[in-house]
Every structure is written in structure tokens, then in C-alpha cells.
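The values are calculated or read from the model by the stated rules, or taken from the named source; none is laboratory data. Because the structure is predicted, anything quoted here is derived from the model rather than measured. Neighbour counts are summed over all protein chains in view; Cβ atoms, including those assigned to glycine, are modelled from backbone coordinates with ideal geometry. For the accessible areas, the whole protein counts, side chains as well, though only heavy atoms, and no ligand, DNA or RNA atoms are used. Shrake-Rupley method; radii C 1.70, N 1.55, O 1.52, S 1.80 Å.
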Amino acid sequence: MKIAILSGKGGTGKTTITGNLATFLKNCTMIDTDVEEPNSHLFFSMENKKHEKVYGKVPEIDESKCILCGKCSEFCKYAALFNTKKSILIFEESCHSCLGCEIVCDYGAINFKNREIGEIISGRNKEINILYGKLNIGELSGVKIINRLKKITEDEKLLLIDCPPGTSCSTVAAVSDCDFALVVAEPTPFGVSDLKMVVEMLKKLKINFGVVINKAGLGNNEIYDYLLENKITLLEEIPFNEDVVKFYSQGKIFLEESEIYAEKFKNIYRKIEVLTNENK
């Protein structure tokens with residue numbers, strides 16, 4: 001089973017839920033696809049670390065063949081190519097490696113070279129395999145790294161995917177092809193607004209999902225009304241209290257500190273299994 005954990009915005013508690021769920025499940029693999037700022041691994045000690053460089057393809061212009069027609073720069077929606085009177089300027093950081101510029105060039109003037117965009121770090125903590133991606137500073141897209149993370153782990157029996165926040169291209173890449181999406185939301189007006197965007201995205205992707213309310217008791221009842229009106233499953237609530245904040249600030253997995261939370265994550269996974277089986 002592949003379970004994606006996502007949220008409408010940063011700071012909702014997505015990584016906290018991922019780390020605790022992985023600890024409860026034990027024999028699983030966890031990948032952090034928030035490659036701009038990965039932090040899942042900070043809650044675990046990792047042994048036998050391995051590093052793998054990730055490369056993207058960026059265009060090179062063969063000036064002996066290029067007639068400066070400008071088709072490649074017109075095609076590129078990311079402004080990685082710019083046509084001047086004397087040459088084609090290439091902004092490598094903006095390139096998304098779609099390779100479309102080569103297709104539209106009628107003169108065979110475009111070749112490609114590899115360019116390092118980041119890396120993947122992998123290791124193990126007791127029964128948990130941990131992998132995370134790191135995008136190099138200045139890069140605009142981490143989709144290549146996310147796709148590589150998913151490729152490496154595609155045969156894992158139980159995979160948890162800590163997704164980037166929001167509904168960007170990176171989030172879509174991370175959540176695509178998963179069996180279930182666990183959406184973490186907070187009970188505030190801002191949290192409900194972000195939750196609605198995630199729900200809309202998941203419905204378009206036709207991915208089965210449920211919601212965990214983190215920081216329960218912080219806001220009002222708007223989020224509960226929304227879930228009820230839209231027949232969205234509430235998987236569990238994690239209370240907003242001093243103990244949870246203290247454990248988090250100390251880098252601890254709070255499931256290991258209290259049997260109350262162990263029962264909550266048992267309940268979360270049990271409901272996910274039921275919902276997944278119903279959807280088959």
C-alpha cells in the first residue's frame with residue numbers, strides 16, 4: 001500500500017503525522033518528497049547513509065545549425081530559453097527538462113547535457129527505511145527528484161509519502177499513483193480554506209482520502225461542518241496540548257511517549273485499511 005500524507009499549507013503537522021505513523025507501522029518505508037525543505041529524517045537516527053546525485057537534462061545550442069528562428073524560446077513556458085539577435089540564451093535553473101525544445105526545433109540544433117539538481121539520501125532506522133530528497137539552492141523544480149524517489153521505492157510493500165504542502169506540481173507528482181491520501185488539516189478558517197483546495201485536487205486525481213485534524217481544539221467547528229457536509233471521513237483528531245508541543249520541540253515521536261497516541265495511530269491505519277478495501 002502507498003499512503004500519501006499531505007496538507008494544504010506548511011506547519012499543519014504533516015511531517016509529525018508521517019513520522020508517528022511510520023513508527024507505529026514499523027516495517028515500512030518513508031520518503032520525504034518535500035525536497036525544498038525535507039525534515040522527516042530529523043526525528044530519526046539514520047544508519048548506513050547513502051547519497052545519490054540526481055540530474056536533469058538542460059539544452060545546449062549547436063550554433064552551426066541554429067538560425068535563431070526563436071521556436072524553442074516561444075515553446076518554453078518556463079522562460080529557460082531566450083532568443084536574441086546573436087544567440088539563444090539558456091537559463092539552466094529554469095529548465096524543467098521536458099525536452100520539448102528539441103522537438104520543435106526544425107534544424108536539429110538542440111542537444112542536451114546532464115546537470116546536477118540535487119540528491120537523494122537514504123538510510124535505515126531500526127525497522128524503517130528512510131529516504132529524502134534535497135533540491136539544490138536556486139533550482140525551481142524538484143519534480144525530477146520526487147519522481148526518482150518514487151521510482152526507487154515503487155516495489156515497497158508499505159510506503160509512506162511525506163508530500164510537499166499545497167497543491168503545486170510537486171505535490172501532484174508526489175501523490176500521483178498512491179492508494180490512499182491522508183490529509184492533515186488544522187481547525188482554523190485558514191486551515192479549512194487550504195483543505196478545500198487539497199480535496200478538490202484529490203477528487204480530480206480520483207484518489208481515495210480521509211482527514212486527520214491536528215491541533216484539535218485550537219479553532220472552531222467550521223472544519224467539522226465541512227467534513228460532514230461533504231461526507232469526508234474523519235480519520236482521527238490529535239489534540240492541541242502542551243505535551244505534544246513539548247515532544248515535538250524535543251524532536252521526539254510522541255507516539256512512543258504515550259499509549260493514548262499509539263491508540264490514535266492504530267485507529268488511523270485501521271480506518272485507512274477499511275476505506276481502501278471498500279474502494280477496490
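Among VAL172, VAL244, VAL104, the residue with the largest mean-square fluctuation in a Gaussian network model of the chain, with springs joining Cα atoms closer than 10 Å, is VAL104. For the chain, what is the percent of antiparallel DSSP beta bridges, rounded to the nearest 5? Expressed as a percentage, antiparallel bridges in the chain total about 45. A simple rule links phi to the HN-Hα coupling: the Karplus curve 6.51 cos²θ - 1.76 cosθ + 1.60 with θ = phi - 60°, which for segment 15-26 gives 5, 4, 5, 4, x, 5, 5, 4, 5, 5, 6, 6 Hz, with x for Gly and Pro.
Residues whose amide H falls under 5 Å from that of ILE238, counting only those 5 or more places apart or on a different chain, are ILE213, ASN214, LYS215, ALA216, with hydrogens built in the peptide plane. Close amide H pairs (under 5 Å, H built 1.01 Å from N) link ILE117 with VAL54, TYR55, GLY56, residues at least 5 positions away or on another chain. Considering only LYS157, LYS196, LYS215, the Gaussian network model of the chain with Cα springs below 10 Å gives its largest mean-square fluctuation to LYS157. Distance between the C-alpha centres of segment 149-187 and segment 215-280: 18 Å, rounded to the whole angstrom.
Taking a sphere under 11 Å around the Cβ of ILE161 and counting the other residues whose Cβ falls inside, with K and R at +1 and D and E at -1, yields a net charge of -3. In the complete set of protein chains, residue-level accessible area for ASP62 is approximately 40 Å², probe 1.4 angstrom. Helix 143-152 and the long axis of the chain differ in direction by around 60°, with both axes built from C-alpha atoms. The magnitude of the dipole of the chain, with charges of +1 and -1 set on the Cβ of Lys/Arg and Asp/Glu and taken from the Cα centre, is near 560 debye.
Under 10 Å, Cα contacts only: if you run a Gaussian network model on the chain, which one of LYS151, LYS266, LYS85 comes out with the highest mean-square fluctuation? Maximum among the listed residues: LYS85.
Coupling constants for segment 258-272 follow from the phi torsions by the Karplus curve (6.51 cos²θ - 1.76 cosθ + 1.60, θ = phi - 60°), and in residue order they are 8, 5, 4, 6, 4, 5, 5, 6, 5, 5, 4, 5, 4, 5, 4 Hz; glycine and proline get x.
Restricting the calculation to Cα atoms, segment 209-280 yields a radius of gyration followed by a Dmax of 13.9, 41 Å.
In the chain, the portion of solvent-accessible area held by carbon and sulfur atoms comes to 49 percent [1.4 Å probe, whole percent, DNA, RNA and ligands not counted].
Cysteine residues of the chain whose C-beta has no other cysteine C-beta under 4.7 angstrom: CYS28, CYS66, CYS69, CYS76, CYS95, CYS98, CYS105, CYS163, CYS169, CYS178. Couplings 3J(HN,Hα) for segment 171-178, derived from phi with the Karplus relation 6.51 cos²θ - 1.76 cosθ + 1.60 (θ = phi - 60°), are 5, 4, 4, 6, 8, 4, 6, 7 Hz, where x marks Gly and Pro.
The order of MET197, MET1 by accessible area, most exposed first and with a 1.4 Å probe, is MET197, MET1. In terms of Cα atoms, the Rg and Dmax of the chain work out to 21.5, 70 Å. Rounded to the nearest 20, the size of the Cβ-charge dipole of segment 174-280 about its Cα centre is 340 debye, with Lys and Arg at +1 and Asp and Glu at -1. Each Lys or Arg adds one and each Asp or Glu takes one away; over the other residues whose Cβ falls under 9 Å from the Cβ of GLY108, this sums to -2.
Adding -39500 (n - 2.57) for every DSSP H run of four residues or longer, then dividing by how many residues the chain holds, sets the calculated 222 nm ellipticity at -9500 deg cm²/dmol.
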